[in-house]
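Below is one structure, written out as structure tokens; the observations come after it.
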Amino acid sequence: MPRGATSYNAEAQNPSTSPIILVRLIDMPHRTDGTTESLYLTDCEYDVAHFDEKGNSQTYQSCGLTYSQVSVNSSNEIASCKIRVDNVDKTFSALAQYYDLRKVKTHVLRAFRETLQYTDGSVFLFVGHGKAPIIGEHAMEMEVKTDFSLYQKLPRRMFWPRDFPYIPASKDIRNPL
């Protein structure tokens, strides 16, 4: 069963599709006055209009955007992906001067050019928070990690039978009572 909505799944079945990646950097806090601003990016050749996280129409700015695929396995490690944006005109160097990019909520979506006008025309690929942005002369790279991890949610110590005295199997059979 596909994860996307009806219009996304219908377009994905076409033999010739043109997928694009959409990235949302949501509520980046300003370093001095505390206000927040969101940034919407796409890897399309031109700026596109699609919907933001609240369902309002938003312009996604075209830039040299790539992201690493997320690997899925059965281990307890936290899933992460890397987003890389070209910084040829030093836009992100200026952005990092005024906005704090650490712990910014980040959405990575896939859509098709033909389904951008629909609210359900995209599907989430990854949701998480930014960690350790590296801004260089030619590119900005940021690792995005998911918020949920089994290792973080489980207790850190082993099971001790003495902590559960009312479970019959946890009692020592050498002591009758």
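No lab work stands behind these numbers, since they all come straight from the coordinates. Keep in mind the model is a prediction, meaning the values are calculated, not measured. Neighbour counts are summed over all protein chains in view; Cβ atoms, including those assigned to glycine, are modelled from backbone coordinates with ideal geometry.
Our estimate of slack between Thr66 and Ile134, defined as 0.36 nm per intervening residue step minus the Cα-Cα distance, is 23.0 nm. A straight chain from Arg113 to Ser38 at 0.36 nm per residue would run longer than the Cα-Cα distance by 24.8 nm.
Among 128-136, 28-36, 49-57, the peptide with the highest mean count of other Cβ atoms within 10 Å heads the list, and the full ranking is 128-136, 49-57, 28-36.
Spin-label model, Asp27 to Asp100: label points 7 Å out along the Cα-to-beta-carbon direction sit 1.3 nm apart.
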